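Report on the following structure.
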Amino acid sequence: MEYGFGTKAIHAGQEPDPTTGAIMTPIYQTSTYVQASPGNHKGYAYARGKNPTRTALEKNIAALEDAKHCLCFSSGMGAIDAIAKLLRPGDEVITGDDLYGGSYRMFTKIFEPFGIKFHFIDMKDANNIKNFINKNTKLVWLETPTNPTMQIIDIVAAAKIAKEHNLMIAVDNTFASPYLQNPLALGADIVMHSVTKYLGGHSDVVMGALCLNDDAIYEKLAFIHNSCGATPGPMDSFLVIRGLKTLHVRMERHCYNGKIIAEYLRSHPKVEKIYWPGFTDHPNHEIAKKQMRDFGGMISIVIKGTREDAFKVAQSLKVFSLAESLGGVESLINHPATMTHASIPKDERERVGVVDNLLRLSVGIENVEDLLEDLKQALA
């Protein structure tokens, strides 16, 4: 029987504890496992490689992405690092020009010195990818919606181009979550999540995940996962299992609140520009309608005036908290140019719209009336 998303979020990968019948997956707080004889174990030998709490979580996330495999990492960056380690000197990667600052920093500061070349391009028209493919290209890496200007990239079109040229394609699905978008079903080879965000959902854990169907790629990533050791502990795994059980109801509220907040901010006299894929005039809105189930709770706005005017708004909020990260139950506001995207050179940031007076909102699940009142007083 094929279960719905909410049922899978609560039950997939979860079995009652065989010893006690506990309905919640136990926290297996152990570093090693007793073996009946040398090399004779039940799949668990050392906790860097596997842990039963983590196994239950990986099965759950895989089910939500309709994936055969999932690997959880100690952070989203650890997950991206593992994908990059599939590459070799001389390989080339095509990625977007609006990208999370941490991804940009890893690509340019860690992997470019090892001889891997990255092309940061405009992907709003997926056909532009073709202009940068050559014999050394191995990977297409994309975010959609992008961080922070909410660009929508056509996953189906990008995946078709990648397949035609025998390239691997990976999608950062953090902003959408598997509730809103499933890139594997649209042709992607790998889906990456910063589990820290919507999947965990409570701002109390840092984790990453990779989901995929290809057995050969999985074996390579599992080897890197175990060998390099960016693996999460059982307590973090338990916290995400608990968070996932409400992902569907949280995402419904994030989307509901996000739509109301976006519509309010769009008509505010102190807002110069707004980025939210639910607007019919948002670039590639029709693609968003096709590949997403709703438009999410992430919004970016450009405040009329200077960076100091944006700072004043961010620091005047009382319900929204000024902080990095996103996707938690609480509403956050962020200044990308000095926070999440500070590692990207100013001219590159501004070329794609990440200007000094841009603010990024992660709309939480509080009473939307309180969020509106908070924005009204901060923008007064």
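The numbers here are math on the coordinates, done by the rules we state, and not lab data. From a predicted model like this one, the values you see are computed outputs, not experimental measurements. Don't worry about glycine lacking a Cβ; one is built from the backbone with ideal geometry, like all the others, and counts go over all protein chains shown.
So the values come out like this:
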{"read-out": "Filtered trypsin sites (Lys or Arg not before Pro), the range 111-216: DSSP coil and at most 11 other beta carbons within 10 Å", "value": "Lys135"}
{"read-out": "Global geometry of the range 35-139, whether rounded, prolate or oblate, following the gyration tensor of its Cα atoms and the 1.5 cut on a/c", "value": "prolate"}
{"read-out": "Cα centre as origin, Lys/Arg/Asp/Glu Cβ charges: the chain dipole, Debye", "value": "460 debye"}
{"read-out": "Signed unit charges on C-beta, dipole axis of the range 39-188, positive-most listed residue Asn51, Gly78, Asn134", "value": "Asn51"}
{"read-out": "Simple Cβ-charge dipole of the range 316-375, Lys/Arg +1 and Asp/Glu -1, about Cα centre, in debye nearest 20", "value": "300 debye"}
{"read-out": "Within straight-line cross-link reach of Lys304, aspartates and glutamates at Cα separation under 14 Å, skipping those fewer than 8 residues along the same chain", "value": "Glu272, Asp356"}
{"read-out": "Where N is the number of residues in the range 247-379, Cα Rg divided by 2.2 N^0.38 Å", "value": "1.01"}
{"read-out": "Sparsely packed trypsin sites (Lys or Arg not before Pro) within the range 307-380, loop by DSSP, other Cβ within 10 Å at most 14", "value": "Lys318"}
{"read-out": "Separation of the Ala22 and Val329 label points, Cα + 7 Å toward Cβ, nm", "value": "2.2 nm"}
{"read-out": "Shape of the range 238-284, Cα gyration tensor, a/c cut at 1.5", "value": "prolate"}
{"read-out": "Paramagnetic reach from Glu112 (point 7 Å along Cα→Cβ, amide N under 11 Å) across the range 324-353", "value": "344-345"}
{"read-out": "Charge-dipole axis of the chain as Lys and Arg at +1 and Asp and Glu at -1 on Cβ define it, positive-most pick from Gln151, Pro89, Pro283", "value": "Pro89"}
{"read-out": "Given charges at beta-carbon only (K, R positive; D, E negative), |dipole| of the range 151-282 in Debye", "value": "480 debye"}
{"read-out": "Base-10 log of normalised Debye intensity for the chain (one unit scatterer per alpha-carbon) at q = 0.10, 0.13 Å⁻¹", "value": "-0.64, -1.06"}
{"read-out": "Potential lengthening between Phe223 and Lys376 on full extension [0.36 nm per residue; Cα-Cα distance subtracted]", "value": "49.9 nm"}
{"read-out": "Relative intensity, log₁₀ I(q)/I(0), of the range 180-295 from a Debye sum that treats every alpha carbon as a point, q = 0.20 Å⁻¹", "value": "-1.19"}
{"read-out": "Long pairs among Lys124/Lys197; Lys85/Lys160; Lys289/Lys376; Lys290/Lys376; Lys160/Lys290, criterion Cα-Cα beyond 27 Å", "value": "Lys289/Lys376; Lys290/Lys376"}
{"read-out": "Span from the the range 334-365 Cα centroid across to the the range 66-141 one, whole angstrom", "value": "20 Å"}
